[in-house]
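Take a look at the structure below.
The values are calculated or read from the model by the stated rules, or taken from the named source; none is laboratory data. Bear in mind the structure is a predicted one, so any value in this text is a computation, not a measurement. Every residue, glycine among them, receives a Cβ derived from its backbone with ideal geometry; neighbour counts consider all protein chains shown. All accessible areas refer to the heavy atoms of the entire protein, side chains included, with ligands and DNA or RNA removed. Shrake-Rupley method; radii C 1.70, N 1.55, O 1.52, S 1.80 Å.
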Amino acid sequence: MNDSLQKVLKRLHYPLEILLTCVRWYVAYPLSLRHIEEMMQERGVFVDHTTIHRWALKILPVLAAAFRRRKRLVGNSWRMDETYVLVGGQWKYLYRAVDRDGATVDFLLTANAI
C-alpha cells in the first residue's frame, strides 16, 4: 500500500473495507451522503454521513495522486476526434483522443457540445 495512503488511514477507526466502500459509492454513483449512511445501516454498519464526507475529503486526493502516477504515458503522436453519436434515440457529443496504436487515451460523452 502507498505510504501516503497509509498515513491517511492510520488514524481512522473503521475497517478499511467499510471506509473504501463508502467512498467508492460516494464517488461512483449519484448518491447523497445520507443515502450511503442508510445503506450502511441496512448492512449493520452505523456511520454518520459527516464521517463519510470527512473520509472522502482525506482519501480522494491521495487516491487521485496514486492513480495519476500509475496512468500510462501517451506517446508523442495522438489524434483527437469530435463527432455526434446517436445514443438511445438522442444525439450526443463524443470527444475521443486516440494514440498511434489506436488505444483510447481519453473520451468524453455529453448531451451538448462544450
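What to note about this one:
- Given (1) surrounded by fewer than 11 Cβ atoms within 10 Å (Cβ to Cβ); (2) more than 30 Å from Asp3 (Cβ to Cβ); (3) hydrophobic (A, V, I, L, M, F, W, C); (4) at pLDDT 90 or above, index of the condition Ala113 fails: (4)
- Residue match in the range 27-38 (condition: under 28 Å from Asn2 (Cβ atoms) and aromatic (Phe, Trp, Tyr)): yes
- From the list Val98, Val87, Val62, the one residue that fits, being more than 29 Å from Val23 (Cα to Cα), hydrophobic (A, V, I, L, M, F, W, C), modelled with pLDDT under 90 and open to solvent by less than 40 Å² (accessible area, probe 1.4 Å), is Val98.
- Residue within the range 89-112 that is in contact (Cβ under 8 Å) with a residue 24 or more places away in the chain, within 17 Å of Val8 (Cβ to Cβ) and within 17 Å of the chain's Cα centre (by Cα) present: no
- For the range 65-84, filtered to residues that are open to solvent by 70 Å² or more (accessible area, probe 1.4 Å) and of a type outside the set (Lys, Arg), the residue that is modelled with the lowest pLDDT is Leu73.
- In the range 1-57, residue least open to solvent (accessible area, probe 1.4 Å) [restricted to those that are of a type in the set (A, V, I, L, M, F, W, C), touching a helix residue (DSSP H, G or I) at 6+ places or on another chain (Cβ under 7 Å) and not in a helix (DSSP H, G or I)]: Val47
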